[in-house]
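Notes to accompany the following structure.
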Amino acid sequence: MSVFRVEFPPADAPGRGEAPAGGPSGTPVRQGGGPGGIAHLVMDDPARRVNVLDEQALGDLEVALGLLEGRPDLGGLVVRSGKPGSFMTGDVEALATLTDRPQAVALVRRAQAACARLAALPFATVAAIDGTCLGAGTELALACSSRVAAQEPRTQIGLPEVLLGVIPGCGGTTRLSGLVGLSTALDLILTGRTLDARSAERAGLVERAVPGVWLIEHAHRRLAELVAPGRERGRPVAADPQGRRGDRWRPRGLRSWFMDGTPFGRGLTFARARAMTKGRTGGHYPAADAALSVLQHGFAQPIETSLRLEAEWAGDLIVGPVCRNLVRAFRLAERAREAPLPGIEDAGPVERLQVVGAGGMGAGIAELASRHGIEVRLRDTDPDALARALRAVRARVAERSGRTGTARHETEAQLARIFPGLDLAGLKRADLAIEAVVEDLDVKRRVFGELEVRMRPDAVLATNTSSLSVDDLAAGLERPQRFVGMHFFDPVHRMPLVEVVRGAKTSAAALATAVRLARRLGRTAIVVNDGPGFVVNRVLMPCLREALHLAEDGYRVADVDAAMRAFGMTRGPFEMMDELGLDVTAKLVAVLGSAFPERVAPAPQLEALVKEGLLGRKSGAGLYRTWSGRRTLDPLAARLLRPERERRPASLEALAERMTLVMVNEAAHCLAGGVVADAGTLDLALLYGAGFPPWRGGLLRHADALGLAKVEARLTALRAEKGERFRPAPLIEELAARGGTFTEPASA
Amino acid sequence: MTAPAVWILGGIRTPFARAGTALRQLSVVELGRLAMGELLARHELDPARLDEVILGNCAQPAEAANVARVTALRAGIPEHVPGLTVHRNCASGMEAVGLAAERIQLGRAQLVLAGGVESMSQLPLLFPPEFGGWLADVTRARHPLARAAAALRFRPALLRPRPALLEALHDPVCGLGMGETAELLAHEFDLGRELQDGFALLSHQRAVAARERLREEIMPVFPPPACELVRDDLGPREGQTLEQLARLRPCFDRRNGTVTVGNACPVTDGAVALLVGGEEVARDWPGPPLGRVRAWAVAGLEPRRMGLGPVHAIARVLDQTGLSLEEIELFEINEAFAVQVLACLEAVRSARFARAELGRDRALGEIPLERLNVNGGAIALGHPVGASGARLLLTLLLEMRRRGAKRGLAALCVGGGQGAAFVLERDG
């Protein structure tokens, strides 16, 4: 069955009969299949949940266009979806599979040609957008004379291609600026952000946002407007049966006239966008530069020139490594968000949450849960801790509402969902209790002992521990099967990852409840088995320890950090220690050191610093200190970390290599030990939990890109030079020996 | 025929704080939500079981006119549970409980959350109605000249603010402020300044001594902006002396007055929430209920003598129940003004008053001071007008439990010339 079909709605359709009386022109739109009637181009892929413009759909579109081109007598065309909640999206699958550049360019050109044919139809066309309209879907809509959109939460319109490492290739990059102006076009294409119907109307992307039930009616009214004689900018315009008078950008205000409408202003706009892009991507994301280039060189050129540029660039990007890696990261996240889990259908939703311990994590979890409509009781026996937590929550909520313009009644409702308390009143009604008290086995066990006797038997107990073993914590419990780890990362409101830790006795139901809660909180949940450091810290700590080894070897702290930032990490290892807290880092290094003494050495420097009260950013004093705007090493940290004989690295890459290789090695041990299900999960965990650069596609993808034989060889060389911690993991040796990889060809 | 029993199953309140102090940033809704949420939590009660939420509130803010409904939804009470706000001035909190009791007796409800809430800090400043008139004239004028003419009729007096608090404490019928009605009672019963100050001192001393006991009814709150713990009423002053009270100047009648801020109750923020249930609910209740509503009554009198309201209401409940004052072990009479409570005590024991005003041939009896307001009263604790009625019931029931008392009476005077009274019972 075809994805695109042409329909001729009968004269009394849809629903409300004729085009609304009193339409702007007063001329009723004739319907039905006869001359002057209106046709609908309906998109409905019978094989999928959402419409995707893949190669087969493109073929169907071409057939439908052929049919429409043969009917120049038609009065107009409405492009709409027959699927609730989905207009049309681009084909992510194709991005992942296309490896041949000419083939990629040919496909892009073909899609462009189809859009051009849609734009050239001899009658007016209106896209009626309802549901997600992303990438190619938006480009299809851009080829119409005008657009209307359903003002419903499900409607999302945008060109997110750049987030996947490509540019809008079906004419989107070329056509958008003509509709919304240069500044807005640059903003939408370079950030890849999506708009709801109202914002799209304000940006000029759609002509009008209307309630969903009246969408088709308004599309018809818009068709009538397009062909009718009317007035434009005060001057009368003749009737235009061909509907060539589509929506076009008009300057709104002096600023937009200058910045988008004059050559000098446009130059400024480009310069600004270029500077911003550079700052944001650090030169690692070629798609943004490509989009800028197409817009700059294609602007005010014949449309064909610009389209050719678009296709050439898109071809380069599609077969490039960054696109492939970003698509992989995207699909991993998608999988983690939607992956079915045994028992998740039966797992009850968490409507009431008990948080025990009002430290930074407790406050963060309370704020997050209350924001997502969950009633939270926040218990701490120390009233001052509660006061600090409540102030932090209020500050966070105020900051968010200031940034996003959340309505006052919503922020008030959010704050009203948090009940602070010095006792555990109301615990029987909680569906899940999460503990976030100090990282001390006895203290935590006492808390769970207290919780277990008072909670409902079907309620779930969770720990937010980062360094203790879930099984150890569950040991004293009467029902260890309802015990699960939920490791949120600090700061909770910014970190998108939650490690849901399965203990030896954790039941499927408890695990599913925790995963479902994490997803409801807008977090990506990955399931890991209990083990020291779970997965993110397990892989990260050897890297941080290696950074200390480098310092011991004589390299400067700033160089080590610069090396990892150049590699693409959001932060260098020492900056990460400050962020995590030096005490937490020291503790985690110790935990991993006792579990894997051959790979993680103790870190006496860190413990000495902690003893001196340098705890990192949270205490205002860490390795780095900011003195009147300049960042320097803390004097004490400098004394402990600065070697007698300073060494300059031959290259930053050499430093980064040591730190990334220990991570790869540890990840291989993790994978072999069954901590996570597959390489994809591990990569996602580090992308979201440790700031691994998405354009590298993940840690293990990075190792595969290097080649495992080379990884093994380098590890062996380093082992000879630096010691046993570089001894290649058996899994690496095995894969290297048979020429295998971590990530191919499995779905991961 | 005896009416079905109505039980008060549990209750909690926020600390009370003088307006403009610790709780001033909490709106009425927020205060009420705290009390409701804590009450539900302490009883581990599924709020879907509630049949209704009834709250007393006097100020009824414009942004949440039906305070009970908004508060209930904010406290996580499901949408199918209706909410009703009631207003009987100072007796609003009592009215809420009385109404809940009647619903239960009629069989229309089994479990009701009733209480009272007031934020006197957040009473607004009002513009005079003439300002609204001027604004309407200006916006309605069609022609620019007409509009200019209308605008020119502006007078600065139009902007003179009227504090809603003062308006609320002023009786529009008799034209007197509440404090002035109290002065009238001082004249009528010949109650001097020393007597009044002495009574106020007693209130403070008792409240200070009862601090630990009162924590049973008070929940800890963490009010913004500092979010620091408040767990006691802020009103009771330790080390309060007669001399300090005597130094204060009369504030309603500067020349001959006797009522000062020291022997009157302060304007206060606070909320009270009680669970009121029928026989069936009480039978299955996990813990022992606090007590039973034996009877309640409201009475009206001249607005200018509103302070005597309790006497009229007490006479009515005694008539209803056939009880005499001797059979009642513990009393709570709200201390709007020291002189007003003292006047009530005089009136109760006066045969002349009984004959002239109550149509009885004998005096009502005696309310001994040592069994009245034993944990202090509104002069020390504060009087959040919409909430006090419910507070009296809660305080009384908890003290009856402590003493093993079987019967208690709570009453208060109501601005505008009314009184309300409850007789509560426990099985010892």
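Compactness ratio of the stretch A:4-319: Cα Rg over 2.2 N^0.38 Å, N = residue count? Before the final figure, lay out each step's value.
Details: Rg = 19.0 Å, N = 316, 2.2 N^0.38 = 19.6 Å.
Output field value: 0.97.
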(message) Need the C-alpha centroid separation for the stretch A:604-652 versus the stretch B:248-319, integer Å.
(response) 66
(message) Show me the three semi-axes of the equivalent ellipsoid for the stretch A:492-580, from the C-alpha gyration tensor (sqrt of 5 times each eigenvalue), largest first, rounded to whole Å.
(response) 33, 15, 8
(request) Give a residue-ordered list of calculated ³J(HN,Hα) values for the stretch A:670-683 (Karplus: 6.51 cos²θ - 1.76 cosθ + 1.60, θ = phi - 60°; whole Hz; x for Gly, Pro). (result) 4, 5, 5, x, x, 5, 10, 5, 8, 4, x, 4, 5, 4
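By how many nm would the segment from A:Arg101 to A:Thr381 lengthen if fully extended, with 0.36 nm per residue of separation less the alpha-carbon distance? It would help to have the intermediate numbers written out before the result.
Numbers: separation 280, 0.36 × 280 = 100.80 nm, distance 6.37 nm.
Gain on stretching A:Arg101 to A:Thr381: 94.4 nm.
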(request) Could you work out the mean count of beta carbons from other protein chains within 10 Å of each residue's beta carbon in A:417-423? (result) 5
(request) For the stretch A:483-535, state which trypsin sites (Lys or Arg not before Pro) are in a DSSP loop and have at most 12 other beta carbons lying within 10 Å of their beta carbon. (result) A:Arg494
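For B:Pro82, what is the net charge nearby, where nearby means another residue's Cβ is under 12 Å from its Cβ and Lys, Arg count +1, Asp, Glu -1?
Result for the local shell: 0.
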(request) Mind putting together the pair-distance distribution for the stretch B:1-153? All Cα pairs, 5 Å bins, whole percent per bin, short to long. (result) 2, 9, 15, 17, 15, 10, 7, 6, 6, 5, 4, 2, 1, 0, 0
(request) Summarise the partner chain shielding of A:410-416 as one whole number: the mean count of Cβ atoms from other chains within 10 Å of each residue's Cβ. (result) 3
(message) Can you divide the C-alpha Rg of the stretch A:353-530 by 2.2 N^0.38 Å and report the result to two decimal places?
(response) 0.97
(request) Would you mind getting me the FRET efficiency between A:Asp442 and A:Arg617? Use the beta-carbon distance for r and R0 = 22 Å, nearest 0.05. (result) 0.20
(request) Take the Cα gyration tensor of chain B, multiply each eigenvalue by 5, square-root it, and list the three semi-axes largest first, rounded to whole angstrom. (result) 34, 29, 21
(message) What are the membrane-span-like helices in chain B by this rule: whole DSSP H runs, Cα extent along the axis at least 20 Å, mean Kyte-Doolittle hydropathy at least 0.5?
(response) B:28-42
(message) Please list, in order along the stretch A:449-463, the HN-Hα scalar couplings obtained from phi with the Karplus expression 6.51 cos²θ - 1.76 cosθ + 1.60 (θ = phi - 60°), rounded to whole Hz, x for Gly and Pro.
(response) x, 5, 5, 4, 6, 9, 7, 4, x, 8, 6, 9, 10, 10, 10
(message) Please return the longest range in chain A lying between exposed loop sites, taking GluC sites (Glu not before Pro), DSSP loop only, at most 11 other beta-carbon atoms within 10 Å, and leaving the sites out.
(response) A:1-344
(message) Could you check the spin-label model distance between A:Ala113 and A:Ala504? Points 7 Å from the Cα along Cα→Cβ, value in nm.
(response) 6.5
(message) Suppose each label sits 7 Å from its Cα in the direction of the beta carbon; what would the A:Lys710-A:His372 distance come out to in nanometres?
(response) 4.0
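Rounded to the nearest 5, what % of DSSP beta bridges with both residues in chain A are antiparallel?
Details: 18 of 68 bridges.
So the antiparallel bridges amount to about 25 percent of the total.
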(message) Please compute, for peptide A:388-394, the average count of beta-carbon atoms on other protein chains lying within 10 Å of each residue's beta-carbon.
(response) 3
(message) Give me the net charge for the shell around B:Leu308: Cβ to Cβ below 12 angstrom, other residues only, Lys and Arg +1, Asp and Glu -1.
(response) -2
(request) With all distinct Cα pairs included, what does the Kirkwood hydrodynamic radius of the stretch A:240-361 come out to in Å, to one decimal, could you say? (result) 19.7
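Which value, in Å to one decimal place, does the Kirkwood hydrodynamic radius take for the stretch A:277-347 when every pair of different Cα atoms is included?
Taking the inverse mean of 1/r over all distinct Cα pairs, the stretch A:277-347 comes out at 14.8 Å.
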(request) Quickly work out the A:Arg408-to-B:Glu370 label distance, labels modelled 7 Å from Cα along the C-beta direction, and quote it in nm with one decimal. (result) 5.5
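Treat chain A as a sphere of radius equal to its Kirkwood radius over Cα pairs and apply Stokes-Einstein at 37 °C in a medium of 0.692 mPa s; give the translational diffusion coefficient in µm²/s, rounded to a whole number. Each step should come with its number before you reach the end.
Numbers: Rh = 28.7 Å.
Reported coefficient: 114 µm²/s.
With r as the distance between the Cβ atoms of A:Leu422 and B:Ala351 and R0 = 60 Å, compute the FRET efficiency 1/(1 + (r/R0)^6) and round to 0.05. Mind dumping the intermediate values first?
Values: r = 53 Å, r/R0 = 0.88.
E between B:Ala351 and A:Leu422, to the nearest 0.05, is 0.70.
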(request) Return the calculated 222 nm mean residue ellipticity for chain B, to the nearest 500 deg cm²/dmol, obtained by summing -39500 (n - 2.57) across DSSP H runs with n ≥ 4 and dividing by the residue count. (result) -10500 deg cm²/dmol
(message) Checking the a/c ratio against 1.5 first, then a/b against b/c, what shape does the Cα gyration tensor give for the stretch B:279-428?
(response) prolate
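Tell me the mean residue ellipticity at 222 nm calculated for chain A from its helices only (DSSP H runs of n ≥ 4, each -39500 (n - 2.57), averaged over every residue, nearest 500).
Details: 30 runs with 365 residues, N = 748.
The helix contribution divided over chain A gives -15000 deg cm²/dmol.
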(request) List the equivalent ellipsoid semi-axes of the stretch A:537-737 in whole Å, largest first, each obtained as the square root of 5λ for an eigenvalue λ of the Cα gyration tensor. (result) 28, 17, 16
(request) Quick one: what are the phi-derived ³J(HN,Hα) couplings along the stretch A:333-347, Karplus 6.51/-1.76/1.60 with θ = phi - 60°, whole Hz, x for glycine and proline? (result) 5, 4, 4, 5, 6, 10, 3, x, 9, x, x, 6, 5, 8, 4
(message) Sort B:328-335, A:208-215, A:623-630 by the packing proxy (mean of other Cβ within 10 Å over each peptide's residues), most packed first.
(response) B:328-335, A:208-215, A:623-630
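The numbers here are math on the coordinates, done by the rules we state, and not lab data. Quick caveat: nothing in here was measured; it's all calculated off a predicted structure. Cβ: placed from backbone, ideal geometry, glycine included. Neighbour counts: every protein chain shown.
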